[in-house]
1. Starting at the first residue of the range 312-321, write each ³J(HN,Hα) from the Karplus equation 6.51 cos²θ - 1.76 cosθ + 1.60 with θ = phi - 60°, in whole Hz, x for Gly and Pro.
2. Search the structure for amide H atoms under 5 Å from the amide H of Leu54, placed 1.01 Å from N in the peptide plane, and list their residues when 5 or more places away or on another chain.
3. Fewest first, what order do Cys336, Cys93, Cys313 take by the number of other Cβ atoms within 10 Å?
4. Report the full-extension gain for the segment Asn445 to Arg387: residue separation times 0.36 nm, less the Cα-Cα distance, to one decimal in nm.
5. At most 16 other C-beta atoms within 10 Å and a DSSP loop state: those are the exposed GluC sites (Glu not before Pro) I care about. Give me the longest piece of the chain that has none.
6. May I ask which residue of Ile575, Tyr461, Thr141 lies farthest towards the positive end of the charge dipole of the chain, with charges of +1 (Lys, Arg) and -1 (Asp, Glu) on Cβ and the Cα centre as origin?
7. Return the FRET efficiency for the residue pair Val270, Ser162: r is the Cβ-Cβ distance, R0 is 35 Å, and the value is rounded to the nearest 0.05.
8. Given only helices, namely DSSP H runs of n ≥ 4 each adding -39500 (n - 2.57), what is the per-residue ellipticity at 222 nm of the chain, to the nearest 500 deg cm²/dmol?
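None of the figures in this text is laboratory data; all of them are computed from the coordinates on show. Not measured: the values here are computed from a predicted model. Backbone-built Cβ (ideal geometry, glycine too); neighbour counts: all protein chains shown.
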Amino acid sequence: MRAMEKTIPTPTGTRRTKTRTRNATATFVLASFLLLVEGVVAPPWGSGGEWQLLHASIGISAMHMQLLPGDKVVMFDRTDFGPSNISLPGGRCRSDPADLALPIDCTAHSVLLDLPTAALRPLTLLSDTWCSSGALLPNGTLLQSGGFNDGDHSIRLFDSVSGDPLADWQELPSYLAVRRWYASDQLLPNGRVLIVGGRRQFSYEFFPSQESAAGSGGHGALFPFPFLEETRDANAENNLYPFLHLLPDGTLFVFANTRAVILDIASHQVLRRLPPIADDVPRNYPSSGSSVLLPLRLAPGGTTLPRPEVLICGGAPRGSYESALRGVFLPAATTCGRIGPSDPNPAWIMETMPMPRVMGDMVLLPTGDVLIVNGAAAGTAGWELAREPVMNPVLYSPGASAELRFTLLNGSSIPRLYHSTALLDPYGRVLVGGSNPHVGYNFTNVTYPTELSLEAFHPPYLASAGPRVVAAGAPEAEVGYGEVVAVRFEVVAYVEWTGTGSVEVVAMAPGFATHAVGMNQRAVVLPVGRVTQVGPFEYVAEAEAPPSPEVAPPGYYLWFVVHAGLPSQGVWVRIRPTP
């Protein structure tokens, strides 16, 4: 196993490399085992999944959530909610005269969860992170950008790979050129992060910042993006937290309100305007649908780009926000729209979910399915502006026939409304937290109390009605673009080996979850060549790493082996940036 580099220099260039050198030799063996409990070995999709309470209280409401290398999860809300239910360590207090709730606050508003032990550690935030954005940098540092009040120009960094047991947030106040509140972040092929939009901000900028531009007040260069002003709703706006998806050719899909464009970041030009979504339902905050780039399936050799497809589900019809302010909660959207943005004649294909949903979180699973969880059936995002919690997740299977794509799964007993989150963890579970539709923490005499708990949803492939995957992974590893990787896995005796064609290796980039948006969430199905049996139930599959940073930006991914629809535990693999 090649040792993993723990740190890399912060990227400074903006060059887009067009050609890649491929290496056909195996670089290491990635141990990833499929170990199934004894008992029923039936197809897992007959079950509706299971819920597990991980923590009755993590001390805060998980408004923002990010999975980190090393199997840790950082969660935080906002600093001006008032006192949380977890204290800062060592008697520390935060002094902030600008705080709208507590100028001196001795409680934490961010926690770090260690998944193997379930231990929690409070972290210190200095500036307000309300409605901020984030992205995991190629070196494993979490970039966290913007927010509210004294945090709206701030950058925050959390080092997840140094091994420091006391690692905490580092803050760069006044780093951003303009206020970024309800903005979205996208990791780019060159390792930079694009920060787009925000309330009344019709522009984007980069981290690390580019050379200062005239009129930007000495900050990094600011690039106008008129599309965001064009899509602005005069009252509720409906274009905040725009949906961003990096396409395999290096261009960017941007969706705001009901419309989408393809943006060339290198030239700062809109290359293409896509047709509006067919049902004209707004999908961005506060209408708050959700969006994913469906898994990219690579062909051997990396010479053919995969066809990208974007799926957008849920939302709230026009007028829902204003109506909810008057106490009338209109039914949420029941529709999903699916489009191939690179097609010669792109068109939206509309589908209908089993129930209406607004503020739902969409989570990519290693099987290629999409889990839709959390949210409400009426109203919109905003303080007290939703009713009828949707307790049941829905599984969307992109490759199934149209009438079989949606499967209703078992529900939770905990409503997850405004400010709830969800993400995939290395065990193949979906962590679900948050929900606070109030201006502060409020646990009594309200319809939907502030929720401090953290749950894990076990998708059908982990449910007890079918085989449960209990996997052991190897140490973190590192690969280069186009390298062939020997992936070692085990299928135990009482699981029927279904042949080479039933093996997939899937690289999944963890997303930054907040406000029904999973920023930088990505699934890449790697080409698998020869599969060789090397022991009694033990196999080695030759998988090709992604061919370019446009297909998979550099950084940390969870690699899952999927055999006959059952995923292993994910193993952390870092894709090296190109020189």
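1. Running phi through 6.51 cos²θ - 1.76 cosθ + 1.60 with θ = phi - 60° gives 10, 10, x, x, 9, x, 4, x, 5, 5 Hz.
2. Under 5 Å from the amide H of Leu54: Leu454, Glu455, Ala456.
3. Details: Cys336 30, Cys93 13, Cys313 27.
The order, fewest Cβ neighbours first, is Cys93, Cys313, Cys336.
4. Numbers: separation 58, 0.36 × 58 = 20.88 nm, distance 1.58 nm.
Computed gain between Asn445 and Arg387 is 19.3 nm.
5. Numbers: sites that count: Glu5, Glu38, Glu211, Glu496.
Longest gap between qualifying sites, sites excluded: 212-495.
6. Ranked along the dipole, the leading option is Ile575.
7. Values: r = 40 Å, r/R0 = 1.14.
The value I calculate is 0.30.
8. Working: 2 runs with 11 residues, N = 579.
When only DSSP H runs of four or more count, the value is -500 deg cm²/dmol.
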